[in-house]
Structure formats: C-alpha cells, structure tokens
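Inspection log for the structure reproduced underneath, given as structure tokens.
The values are calculated or read from the model by the stated rules, or taken from the named source; none is laboratory data. In this text the structure is predicted, and so the values were computed from the model without any measurement. Here Cβ is always computed from backbone atoms with ideal geometry, including for glycine, and neighbour counts include all displayed protein chains.
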Amino acid sequence: MAAGEAHTLSVDEVASALTTAPGRGLGDAEAAERLAASGPNSLAVTGGPGVVRRLIGQLHNPLIYVLLVAAAVSAALGEGVDAVVIGGVVVVNMLVGYVQESRAQRALEALSRIVPTETTVVRAGVARRLPVEDLVPGDLVRLTAGDRVPADGRIADARLLEADESALTGESEPAAKHTDRLPSGTLLADRANMLYSGTVVARGSGELLVTATGTRTQLGEIQRLVAATEPEATPLTRKLARFARWLTLAIVVVAALTFGVGLARGLPVADMFTAAVALAVGAIPEGLPAAVSIVLAIGVVRMSRRKAVVRHLPAVETLGSTTVICTDKTGTLTENRMTVTALAAGSRGPVLGVREAGAAQDEALRQTLLAGVLCNDAEPRGTADGRRVAAGDPTETALHRSAAGAGLDPVALRDRHLRWDVLPFTSERRLMGTVHTGNVGYVKGAVEEVLARCGSELDARGLRAPVDRVSARHLHGALVDRGLRVLAFARIEPGTGSVAERIERGDLTLLGFQAMQDPPREDAAAAVRACHDAGIEVKMITGDHAGTARSVGAAVSVVEAGPGIPVLTGADLERLHGDRLDAAVGRTALFARVSPEQKLRLVRSLLRQGHVVAMTGDGVNDAPALRQADIGVAMGRGGTDAARQAADMVLVDDRFASIESAVEEGRGVFDNLRKFLAWTLPTNVGEGLVVVAAVLAGVGLPILPVQILWINMTTAVLLGLTMAFEPREPGIMSRPPRPPRQPLLTAGLLRRICLVSALLLGAAFLTYEWELGAGASPDEARTSAVAVFVAVQIAYLISCRTLDATVLTTRLGRNPVLVPSVAAMVGLQLLFTYLPGMNVLFGTAPIGIAAWLRALGIAALAFAVVEADKLLWAVLRRR
Ligand code: ATP
C-alpha cells in the first residue's frame, strides 16, 4: 500500500496491507520489531538552527549595526584601540545574546516532555494503555471523545465519530467520520475515513488502524516545512519591546544632540563620535526583552518543579495577578477515588452498606447492583489479592467493586448479558443507558434526571409499583447531605426503538441508589485557605448535586460549614442575565449541576467583572471555557487531551494545591521582573547621563566611552540577571493580587529610577573632580570614578532585593547566584584596574587602597539613601 492511499481501500484491505489482524491488533513481538524499524512515534524535537546560524542571528540587531559602524569609523580615524575595544564589545554582545537565548530555549524545550501521554492500543486482542511513543504502523488504537489522535490511520470502526481537525485543516467545525472507502484524489480535509495525528476526537468513539507514525505523519510533514518557531511574545515582552524602542529613539536623538553640541564647542570629531556611540550603547537597554524572557523562562522552570507545567509563556505573568480560581471538585479538590458506601432500594430504603445490601433478600437491590455492572463502560478484569479490580472512570469502577463486594461476579455478568446498544454518558445529559441480551436495558445517572423518567419502581419481590417521588427525593437528600455522589439506577422495560428513544419515553422503572464517597485531598483545604489569605476567591464548580457540593465545599474550606450555604446551579446560571447574573456569581462560591457550556457563562461573567480568572477543566467540552479564561488549567493525569490542548497550564498531579503553588511562583516571577527593571534602568540612564552631562558642561569626561562600554558589558550580564534568581519574599501570599491594569513601571518605581540615576551621576562626577583636585592623574581619576560607579551598582543591587520594604529588616531566602556574581564582578574590576593590557585598552591606571575605601564609603552612602527613601515612602503611604 503506497502512503496516502489508505482512504481508497476497505478496512480489510488496509489491515492486510499492514499485515495485521482486524480486531486483534499486532502481537507483542511483532510490535517490538516494528518499533525498532520505524522508530518511536514522536516528532523529533528539532534543535532549531545550528550554532553558527544562531550566533550570526545575534548580529541582526540595530545596536550591533551602530557598533560596527562606530568600529569602522574609529579605525578610519586612526583610533585603533577604540576600534578593537568596540569590536570586542560586539563579540561579547553576540556571545551573551546567544547564551541567553539558548538558556531560555532549553528551559522551555524540557517542559514539552514532562506530561506523558498514553493511548489505548489493542495488542493480541487485549486493550491496554501504552505510551504514545510506542505506537507502530499496524497498531489498532481505540479512541473516544476528548482523545488526541496519536498517529495517522484508517478508521476501522466509527460510532458517531467526529474529529476536530482545526490543527491540521484550520476548519473549526468538527468533521463527521465513517469507515467507507473514498475515491482516490480525495483531498486531505475531506478524507472522512481517516484520522490524523494531532487532531482531537470531538464526539463519539472509534478504532483506528495506524498507517503512519512519528515524522511520517501529516503533522510531521507540516513541522518539517515550518521553520523553527519563534519563542512566544507575551503581552509583557511586547509592551517592553515597545518601551525599549521609544527609549532607543530618544537616546539616539540625545546622542545626536550631544554630538552637535560637542562639535559646536570645538571638541574633536573623533572624540565626540565615540562619546555619542558610548552614550547610545550605555543607555539603550538592548537586552531588556531578552532578559525578560529569561526571567519568565526561569519562572516556568520553577513552576514545573512544583508540578504546574506552563504551556504558554504569558501564563507566567498572568498567574501572579489571578483574582479568582474556578476549580472542579472531582479529582482536583478530591482524590477521585470513589467508593460506594451506601445503597438504597427504590424510594423505600433503608440505607445499607455494601455487604448488607448483598445479604439483603431484595430484588430491587440485586438489580441495582446488576445495573451498576452492565450500564458501565469500565472494564472489570483481573484479580488483585483475590478481589476483582477494574480499569476505567473511577465512578464506574466503584460500581464494579460494590457489586463484587456484595457477592456478584462482574466479569461473569458482563459475559452473560451482552450489550446491544448504548447511550453514552455526557456531562450535559448526566445519564447513560444500555440495552442487553433479552432486550432489557438499564439506566444510571444523576438522581433528578433518572427520577424524572421513572413511572414505577421495583419492590423487594421484583414487582412494579407506582414510584413514590417524595420519598425518593427525601432519601436522596439524606445521602447528599453526607457529601456522597449519588447515582440512581433504573430499568428500561422491553420495547422498540433506540435506547435514547426508550429512555425519553419516560416509562423507566426505578431500581435504587448507590452513593459513593470521594475523600477530599489532604492538602486541598490548606491550599484553599492560602488562596483566601492571598485575596484570591476560590469557586468550586461541580456536575454533582448542590447538597454534595455544600458538604465537600465545607470540607475543603471553600465555604464555612453551617446551615444555608448558598449554591448556584447550572439552571440558575441559564436563567440569570446581565447584572443580576454578575451579582449572583460574585456572591457565590459553590456551583452545582453545571454543564461545560454553563461554565463558559460563568467565566464570561467573572471576566466582565474585571477578574483575572484561572479555570480548571478536564472534559472535551471544557475546552471553550479553558480558552476563554485568562489561565486555562488542565489535568495531566485525569482529563482529556482536548482539555490539555486548550489549556495554558497543565497540573502534573491534578492537585488544587499545585494551582496555589503556581500562583505563588507567578507572583515571585513578577516581583523579580520588577526588581530586574528597577536595577537595570537606572544604570543605563546613569551611564548615559554621565556622558551627556560632561559634554554639556564642557568638562572632561569622568568616564571614557570605552569605559562605559566596559561597565555596560560586565555589570549588565553579571549583576542584573541575578535578580531572576531571587527567592520569593516572605508574605508574598498574604498581600492582595496585583491589579491587572497596574503598569510594570509604577510611579514609585519611576521615582526610584530617577533617584538612583542621579546618585550614579553625582557619584561619578564628584569622584572624578575630587581625585583630580587631590592631585591624581586623569587616568587615575577616571579609574576611581568607574570603581565608584560599579560599587554603587553593587550596593543598589543588594537594595533591589526588596523594592518596598527595607532590605535590612526583611528576612530573605538565599539567592544562590548573588555572591558569586558580585565576587566575579569585583575580580573583573581588579583586572580592569591593575592588568597592564587592560590599562592600555581602557585607558585605566592602578589606584591606591584609599580610592577603593572611598568607593566603598560612597556605595554605603548611596545604599543608605535608597533605604531611607523606602522608609520615607512607607511612612507617607501609611498616612
Ligand atoms: P466535578 O465537576 O465535581 O469534577 P464531574 O465533572 O465529575 O464533577 P460529571 O462527570 O459531569 O461531574 O457528573 C455529573 C453527574 O452525572 C454526577 O453527579 C452523577 O450524578 C452523574 N454521573 C457521573 N458519572 C456518570 C456516569 N459514568 N454514568 C452516569 N452518570 C454519571
């Protein structure tokens, strides 16, 4: 079979072309052999462009152009040393840019491998879960709604199967699928009997005969065509890039003016030219957007250590300003380990344990247990320490276990009552039905849904009597108040029509209830309380009954236990509109019987109210709500691939506590970004100001252009980025969320930037003049001025570890890179001062110990000024 013509063949023809048995799949040995031949089913992570190309790519930067021109002009003017230094700066700049870029890239690449994906494969007639990478051509894969299609293949079986192929074709409406052959020449988008890797099963279920894996799939084909993707721009990096562009323009204008003023004053052209270049290079924050990406990438790595994998970089910055978290109950706040603890027959009761129910001579109870086994998609199989174990949805496996616990044999019952027809469970319908041998069917589902369709109920002897709805509801209420998830079971009497029609006809016979417990996660309550302390609202959204929601909500501290806890239901959400909806949503923390579409309404209402919303979801239909929320959160273990693809963040362990950790990290990342900016901008501005001031004042430059280049190259790399590694400040989760619209550079921060710029300017100028006055040579005086400049930068770096409180009294964790970086900077500064080669290159001269002590003193003074400024503003703010 030639690649690309599977759609023209029948299923049997494809199977024989792939030498596999339809229905049984490949044998294990055969599969292993094929895997060795075809390689793993993954898209090789392309390393992107090579080293040389990435290095050269760094040259594509306006700043570098300026530097290259400056080097050429300097050389032409006979300033050989300057030309060499500027050339050196170009090389250093290139290397730094390269290292930064690779680092961010590596951090992000590592993440794509954290969430493992599995798929259901039939091998030697047995269905099992296998890593997607192990798939080979000829494998038989079973897919249901929400699954990501793991490889290309011919559809061998389709039940109401529809696929969302937007990833491949751009078509947003799901495409209906079937098994019939198609004429050759059918376009890819119209091949309704094929499924393609990377698309998602939107509805129904089916089986797929794998025809192509890994890079040989259509997706692999596309990836090969598309060049390595650019790292994602976030709103923040975009804003900063815009800011940096404006700043650059302003600086270029100032540099040109400085050049002109210098010339008018009769200063040498060459000197003025290098001064203008130094001003431009010193003051332009060229590394800003890249550095911000690095701070974010480091945040991503930190979050992944705490089990939250960020899929889109913007989520890192948004997380820190989250004001409300909407979370599922099952699996996120609770363990999703369901155990049936109570059963009741019809509306009669009494409420019994599993063993008691098994021992009771009650036909309704017996059929309740039987319905639990038959109207069930989980697989009862195998034995573990003598007991049957089951694989599938926890709600359904719990029913197999309860039947086994009551003395029934689920495997034998399944074999005896073969399934003819099924109405699958969906979160909207909240019930499921099946029909079996003998034309008898069963329904299970949410109590309201089932009860509404029952005309009669079964008594202990198995006879039908009119249903007593009032007693049934009473019984239901008692079970729900215990925090249990209650399912009602009913029988579909023999009749004609599809199972859906027979259920809707409404003459079901109520059999009984099974109620299951799902213990709250151990750390959930503490994490919810931590969110409350941090000013973040937590809203619990569940498909379960309001009573169950109240009880579980209180157990995990979403609401305080007590009578009359308000709950909004999905129906309420539908009924309310506009302001009334918003007001009700704002007041309420518990939402019950909510369907995925209603979740979307809920998110929209919260967004309208100005909230920054994080929302969890696991089902295929949750995808729209996940996309709409500011941060869509999907589950790494439970949940569907569809939800994961729509999410911004995936929780590796499904725990609510991991969302709370991610928010905490998000706040830390944002703090570090501000600290980085607070440090970087004044040093840039200060450097520029020194040049401008000297030229305008018509005095000698206290710091030479090449020295400015030196400061900029060394401190920006060694000192500034240490702020990305700052530990979180204490109390980070006891302050309210950052207002979403608050700018990055607040008025307070701008004021601090001005203050420190002025300090740097003054320190360099005064030192230079004082040293000259004290009899130092101009070279010595400049070397001292540079030493002071760097010393103040280091002192200010320490001060930046906290922006609002004084760093002296705040108890901070250790920053692992701070001391080594400062030590390295001091070492470089010593070389700069004492190495003869450096003296020639940079026009420096050795200085005495007294000059160093003066530098230290001035740095201490500058530090004191900044800390005093913090205290002063803290006092003023309190007023
Ligand atoms: P949560 O929103 O708390 O995570 P959930 O999403 O698991 O809960 P759904 O799965 O939508 O909630 O279930 C809603 C209701 O449907 C349940 O309360 C239960 O009554 C019923 N139900 C759940 N699973 C099944 C099933 N497999 N078959 C029939 N009915 C079910």
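Worth a mention:
- Residue in segment 449-460 that is farthest from the ligand (Cβ to nearest atom), counting only those that are closer than 21 Å to residue 395 by Cβ and among the charged types (D, E, K, R): 453
- Selection count, segment 411-448, where residues are more than 16 Å from the ligand (Cβ to nearest atom) and free of Cβ contacts under 8 Å to residues at least 24 places away in the same chain: 6
- When segment 430-459 is filtered for residues that are modelled with pLDDT under 90 and either closer than 17 Å to residue 514 by Cα or basic (Lys, Arg) (or both), nothing remains.
- Residue within segment 702-714 that is over 20 Å from residue 797 (Cβ atoms) and part of a loop (DSSP other than H, G, I, E, B) present: yes
- Qualifying residues in segment 613-637 (those that are out of contact with any Leu (no Cβ under 9 Å at 6 or more places or on another chain) and part of a loop (DSSP other than H, G, I, E, B)) - the one surrounded by the most Cβ atoms within 10 Å (Cβ to Cβ): 618
- Among the residues of segment 525-545, those identified as crowded, with 18+ Cβ neighbours inside 10 Å and in a helix (DSSP H, G or I) are 525, 527, 528, 530, 531.
- Residue within segment 297-305 that is closer than 29 Å to residue 602 by Cα and part of a loop (DSSP other than H, G, I, E, B) present: no
- Among the numbered conditions (1) within 16 Å of the ligand (Cβ to nearest atom); (2) at pLDDT 90 or above; (3) crowded, with 19+ Cβ neighbours inside 10 Å, the only one that residue 555 does not meet is (3).
- Identification of strands (runs of 3 or more DSSP E) wholly contained in segment 438-510 with 3 or more residues that are among the hydrophobic types (A, V, I, L, M, F, W, C) yields 440-446, 485-492.
- Residue among 366, 348 that is in a loop (DSSP other than H, G, I, E, B), out of contact with any His (no Cβ under 6 Å at 6 or more places or on another chain) and more than 16 Å from the ligand (Cβ to nearest atom): 348
- Output for segment 492-508, where each listed residue is buried (at least 23 other Cβ atoms within 10 Å of the Cβ) and away from the ligand (no atom under 15 Å from the Cβ): 502
- For segment 849-862, the criterion of a residue being without any contact (Cβ under 8 Å) to a residue 60 or more places away in the chain and more than 30 Å from residue 705 (Cβ to Cβ) is satisfied by no position.
- For residue 49, the stated conditions do not hold, so it cannot be described as closer than 30 Å to residue 302 by Cα, under 35 Å from the mean Cα position of the chain (by Cα) and modelled with pLDDT of 85 or more.
- Looking across segment 305-323, the residues that are closer than 19 Å to residue 655 by Cβ, under 10 Å from the mean Cα position of the chain (by Cα) and buried (at least 21 other Cβ atoms within 10 Å of the Cβ) come down to 308, 309, 310, 315, 319.
Residues checked against (1) at negative phi; (2) within 16 Å of the ligand (Cβ to nearest atom); (3) part of a loop (DSSP other than H, G, I, E, B):
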{"residue": "267", "(1), (2), (3)": "yes, no, yes"}
{"residue": "274", "(1), (2), (3)": "yes, no, no"}
{"residue": "281", "(1), (2), (3)": "yes, no, no"}
{"residue": "342", "(1), (2), (3)": "yes, yes, no"}
{"residue": "371", "(1), (2), (3)": "yes, yes, no"}
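- Taken together, 399, 463, 475, 408 contain a single residue that is buried (at least 23 other Cβ atoms within 10 Å of the Cβ), away from the ligand (no atom under 14 Å from the Cβ) and not basic (Lys, Arg), which is 475.
- Scan of segment 638-674 for residues that are assigned to a loop (DSSP other than H, G, I, E, B) and not hydroxyl-bearing (Ser, Thr, Tyr), ordered by number: 638, 639, 647, 648, 652, 653, 654, 655
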